[in-house]
1. I need to check one value: relative contact order of segment 460-513, counting alpha carbon pairs closer than 8 Å and at least 6 residues apart, in percent.
2. How do Leu209, Leu389 rank when sorted from fewest to most other Cβ atoms within 10 Å of their own Cβ?
3. Dividing the convex hull volume of the Cα atoms of the chain by its residue count, what figure in Å³ per residue is obtained?
4. Count the net charge of all other residues whose Cβ sits under 13 Å from the Cβ of Ala294, scoring Lys and Arg as +1 and Asp and Glu as -1.
5. At a 10 Å Cβ-Cβ cut-off, how would you order Lys443, Lys502, Lys126, fewest neighbours first?
6. Taking only the C-alpha atoms, wrap a convex hull around segment 242-444 and report its volume per residue in Å³ as a whole number.
7. When the distances between all Cα atoms of segment 255-344 are binned every 10 Å from zero, what whole-number percent does each bin get?
8. Quick one: order Glu27, Glu62 by neighbouring beta-carbon count within 10 Å, fewest to most.
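None of the figures in this text is laboratory data; all of them are computed from the coordinates on show. For clarity, every value in this text was computed on a predicted model and none was experimentally measured. Note that each Cβ is placed from the backbone with ideal geometry, even for glycine, and that neighbours are counted across all protein chains shown.
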Amino acid sequence: MSYPYTDEVVDTPPRAVLPPSEPLPPELADMVGRCDSISVSERDLLTQLVREYVDVFSLDGEMGRCDWVRFEIDTGDHLPVKEAVRPVPIHHRSEVQGIFRDYLDRGVVSFSKSPWNSPLVIVGKKDGKIRCCVDLRKVNQITRVPQYPLPRTETILESLQGKRVREVLQLYHADPGSGSHMGVSKTLAKIRKRFYWPGYSDDVYDFVLSCQTCRERRGPGAGHRRPRAPLQLWEEGSLFGRFSVDLAGPFRRSREGYRHALVAVEGLTSFPEIIPLKDVKSHTVARALVDIWARYGACRVLRTDQGRQFEAEVLAEVLEIFGVERVRTTPSRPCANGRAEKMVQFLKDSMSKLVDESQADWPDTIPLLLMAYRGTPHSTLKHSPSELLYGKSIRLPADLATRPPEPAYPTSLKEYPAKLRDLLRRLHHDARLNRELASQAMKMRYDANTSLTDFRPGDKVWFFNPIRRKGLAPKLQRPWESGWVVTHKINEVLARIKKGRKLRCVHTDRLAADDRNDCPSTGPLLALLAKVAP
């Protein structure tokens with residue numbers, strides 16, 4: 001009995017990692033599921049470990065994963081061992097035949113005319129199935145056991161004294177011609193072909209993830225999903241209690257000289273107002289807000305971003321005169337002012353479909369866009385903004401052609417105010433309920449993949465700051481900055497950070513814990529080398 005033999009080690013491919021979007025194979029998912037004695041966090045770590053080393057597992061229908069070495073069984077000059085065939089029970093024959101057909105299809109066994117013959121043994125499993133084995137005891141008695149003396153581990157480590165492991169990692173990861181910061185898997189593949197030392201894969205992993213340049217470009221923990229804070233909801237109060245405001249543009253200069261637009265959305269009814277502007281200076285924005293409040297009354301809260309127009313003293317004085325409280329969103333967080341941002345998106349999309357080729361008539365499309373939007377039922381509130389504001393739907397131009405049935409209104413002046421008040425109370429109650437249900441559903445979906453990071457005063461953090469610098473290409477900038485320190489935790493999603501004299505109030509989604517040293521560690525090997533160094 002013999003097999004082809006070679007002492008050449010086959011080059012192995014880089015370690016495969018299962019993408020997060022792809023589920024675990026059923027066999028591995030069942031294996032993780034049977035670990036019921038561990039906590040949820042430990043189960044997540046186990047799942048992540050299985051995903052990282054998924055290529056070492058043999059799934060059902062697969063052969064073993066190791067194909068490094070082929071060998072031969074040395075039986076010397078002994079005559080072939082021949083044993084009588086043992087009968088297979090009748091009720092197992094069909095199952096045995098099916099097993100060997102599967103072995104033949106997968107290349108596990110093949111037809112042979114060898115003079116060697118060992119009997120088949122049927123062994124039962126715990127689940128009632130059978131396992132086909134071979135009785136090789138007589139063959140084992142005449143087999144010569146090969147001897148491969150191995151050197152002592154201490155001798156191997158001593159021979160590595162003085163070797164420049166860190167320099168190898170630096171060259172094959174950061175050198176422009178050899179590494180170019182290609183990440184863990186590619187750096188590991190290049191080093192695996194050329195070098196070996198105990199724990200080299202962990203050293204490469206730690207070195208690459210601690211690379212300052214890579215972290216400034218892709219952020220700390222690249223390749224892993226960073227924690228994201230849960231969604232924060234805010235309730236709407238009374239009618240015109242809150243306005244969300246934003247600026248749209250610049251557009252092409254119109255015939256009247258307009259280039260921008262002020263977008264304002266009422267919080268309870270989502271009733272929009274859009275005012276064309278010739279510029280976005282603070283006094284121009286303040287005048288547009290006064291024009292809106294002249295029609296509906298001043299709101300209690302004005303929600304804006306941190307644009308210069310909204311931070312100017314002119315607007316601050318206007319808000320103080322009208323008794324309006326201003327709420328700012330954190331920088332680079334447009335979803336915090338989502339209603340105004342969504343209205344800006346609607347404005348740009350709709351205007352692009354209605355303007356002429358010169359695009360100079362874009363202000364003329366705004367009244368008609370507002371009319372269509374105000375008369376359309378809101379997807380969340382289930383009523384149109386005009387119905388929630390006026391108690392009735394506005395007549396649209398299309399209604400003149402289709403002539404839908406007119407709703408019945410009370411004719412008595414005494415009845416109309418009371419019925420209108422009851423109608424608006426009912427509509428506003430429905431709007432609040434529908435918005436609350438939609439918000440809770442959205443929060444449930446958003447929070448499914450969130451985890452709150454507990455930043456504390458004094459913690460060192462990375463800050464995501466993708467600002468555009470004059471003279472530099474934004475696509476080639478490194479947006480992550482190190483050296484920031486948390487000075488104050490405002491609430492569970494807002495923190496105040498400091499770097500030198502610079503102070504910022506930011507959302508925690510733009511922060512990442514700086515829990516690694518700037519100088520990468522090359523793992524346990526360097527510690528062992530330090531012990532044997534002269």
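1. Computed value for segment 460-513: 36 percent relative contact order.
2. Values: Leu209 18, Leu389 22.
Fewest to most other Cβ atoms nearby, the residues stand as Leu209, Leu389.
3. Values: hull volume 172.7 nm³, N = 534.
Looking at the chain, the number lands at 323 Å³ per residue.
4. Numbers: positive: Arg287, Arg295; negative: Glu273, Asp291.
Once all neighbours under 13 Å are counted, the net charge is 0.
5. With the fewest neighbours first, Lys443, Lys502, Lys126 line up as Lys126, Lys502, Lys443.
6. 157
7. 16, 52, 30, 2
8. On the way: Glu27 13, Glu62 10.
By the 10 Å Cβ count, ascending: Glu62, Glu27.
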